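Presented below is the structure to which this report refers.
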Amino acid sequence: MLEVGMKAPAFTLPDKDGNLVSLSDFAGKRVVLYFYPRDNTPGCTRQACAFAAAYEAFKALDAVVIGVSKDSAASHQKFAQKHELPFILLSDPELAAIQAYGVWQEKKNYGKVSMGVVRSTFVIDGAGNIEKVMPKVKPDTNAQEILDYLGA
């Protein structure tokens with residue numbers, strides 16, 4: 001897992017519309033980069049909807065919200081439309097950013113061990129450095145915790 005003060009790994013990934021988005025596109029702005037396991041699952045939907053509900057507050061703090069999962073751009077498009085998500089969703093089926101940020105980890109579910117995305121959030125400062133790391137976040141409180149942190 002990455003640590004506070006480290007340079008955030010660069011990435012370029014397609015958004016829900018197939019447009020390539022790079023971390024460097026947001027130089028000078030704070031970026032809230034959150035990784036989640038899968039579109040349209042209960043926890044991921046609650047987390048995304050919480051970020052959507054707080055979107056104007058993030059904008060007021062001049063922060064960009066980006067969600068990343070290994071789902072396809074088409075899946076992201078349906079997810080964003082269904083839940084009216086106003087922020088950027090990036091598709092990472094090759095696990096490039098997911099692995100670069102160290103969130104592809106062994107998970108245990110009902111005794112079964114598998115590899116998957118551990119729900120984690122990073123705040124990246126305007127200079128591209130990691131300002132805050134939140135591993136294993138809760139979907140219902142993550143957006144508010146980040147808002148509280150940014151507003152502090």
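The values are calculated or read from the model by the stated rules, or taken from the named source; none is laboratory data. Being a predicted model, the structure only gives us computed values, none of them experimental. Cβ placement follows ideal geometry from the backbone for every residue including glycine, while neighbour counts extend to all protein chains displayed. Each accessible area value is taken on the protein alone, full model and side chains, heavy atoms only, with ligands, DNA and RNA left out. Shrake-Rupley method; radii C 1.70, N 1.55, O 1.52, S 1.80 Å.
Could you tell me which numbered condition VAL32 fails, if it satisfies all but one of (1) β-branched (Val, Ile, Thr); (2) touching a Phe, Trp or Tyr at 6+ places or on another chain (Cβ under 8 Å); (3) under 12 Å from LYS16 (Cα atoms)?
So the condition that VAL32 fails would be (3).
Could you tell me whether the stretch 40-58 includes any residue that is farther than 26 Å from GLY151 by Cα and under 14 Å from the mean Cα position of the chain (by Cα)?
Kept after step one, since they are farther than 26 Å from GLY151 by Cα, are these residues of the stretch 40-58: 40-42.
Now restrict to residues that are under 14 Å from the mean Cα position of the chain (by Cα): none.
Checked against the condition, which is being farther than 26 Å from GLY151 by Cα and under 14 Å from the mean Cα position of the chain (by Cα), the stretch 40-58 yields no hits at all.
Taking into account only those residues within the stretch 72-89 that are assigned to a helix (DSSP H, G or I) and of a type in the set (A, V, I, L, M), which is least open to solvent (accessible area, probe 1.4 Å)? Write out each step before concluding.
Of all residues in the stretch 72-89, those assigned to a helix (DSSP H, G or I) come to 73-83.
Right, trim to of a type in the set (A, V, I, L, M) and you get 73-74, 80.
On the way: ALA73: 26, ALA74: 55, ALA80: 6 Å².
Ranking the qualifying residues of the stretch 72-89, first place goes to ALA80.
For the stretch 45-66, what are the residues that are touching a residue at least 40 places away in the same chain (Cβ under 8 Å) and more than 26 Å from LEU95 (Cα to Cα)?
ALA53, ALA54, ALA57, PHE58, LEU61
For the stretch 92-131, please list each of the strands (runs of 3 or more DSSP E) lying entirely inside it that holds at least 1 residues being on the phi < 0 side of the Ramachandran plot and more than 16 Å from the chain's Cα centre (by Cα).
Values: elements: 104-109, 112-117, 120-124.
Because the criterion is at least 1 residues that are on the phi < 0 side of the Ramachandran plot and more than 16 Å from the chain's Cα centre (by Cα), the strands (runs of 3 or more DSSP E) in the stretch 92-131 that meet it are 104-109, 112-117.
Can you name the residue in the stretch 1-26 that is among the small types (Gly, Ala, Ser) and open to solvent by 80 Å² or more (accessible area, probe 1.4 Å) and, of all such residues, is nearest to ALA60 (Cα to Cα)? Steps first, please.
Here is the first cut: in the stretch 1-26, the ones among the small types (Gly, Ala, Ser) are 5, 8, 10, 18, 22, 24.
Right, trim to open to solvent by 80 Å² or more (accessible area, probe 1.4 Å) and you get 10, 24.
Values: ALA10: 25, SER24: 21 Å.
Of everything passing the filter in the stretch 1-26, SER24 is nearest to ALA60 (Cα to Cα).
Open to solvent by less than 10 Å² (accessible area, probe 1.4 Å), in contact (Cβ under 8 Å) with a residue 12 or more places away in the chain and over 25 Å from GLU3 (Cβ atoms): is that true of SER69 in this structure?
On the way: open to solvent by less than 10 Å² (accessible area, probe 1.4 Å): yes; in contact (Cβ under 8 Å) with a residue 12 or more places away in the chain: yes; over 25 Å from GLU3 (Cβ atoms): no.
No: the conditions fail for SER69.
Can you find even one residue in the stretch 37-52 that is closer than 25 Å to GLY128 by Cα, out of contact with any Gly (no Cβ under 7 Å at 6 or more places or on another chain) and open to solvent by 60 Å² or more (accessible area, probe 1.4 Å)?
no
Kindly establish whether ASP92 is among the charged types (D, E, K, R), in contact with a strand residue (DSSP E or B) (Cβ under 7 Å, 6 or more places away or on another chain) and open to solvent by less than 10 Å² (accessible area, probe 1.4 Å). Before the answer, list the steps.
On the way: among the charged types (D, E, K, R): yes; in contact with a strand residue (DSSP E or B) (Cβ under 7 Å, 6 or more places away or on another chain): yes; open to solvent by less than 10 Å² (accessible area, probe 1.4 Å): yes.
Judged against the criteria, ASP92 is a match.
Just for the stretch 120-152: of the residues that are of a type in the set (A, V, I, L, M, F, W, C) and surrounded by fewer than 16 Cβ atoms within 10 Å (Cβ to Cβ), which one is farthest from PRO9 (Cα to Cα)?
Within the stretch 120-152, the subset of a type in the set (A, V, I, L, M, F, W, C) is 122-124, 127, 130, 133-134, 137, 143, 146-147, 150, 152.
From what's left, surrounded by fewer than 16 Cβ atoms within 10 Å (Cβ to Cβ): 127, 152.
Details: ALA127: 12, ALA152: 25 Å.
Filtering the stretch 120-152 for residues that are of a type in the set (A, V, I, L, M, F, W, C) and surrounded by fewer than 16 Cβ atoms within 10 Å (Cβ to Cβ), the one farthest from PRO9 (Cα to Cα) comes out as ALA152.
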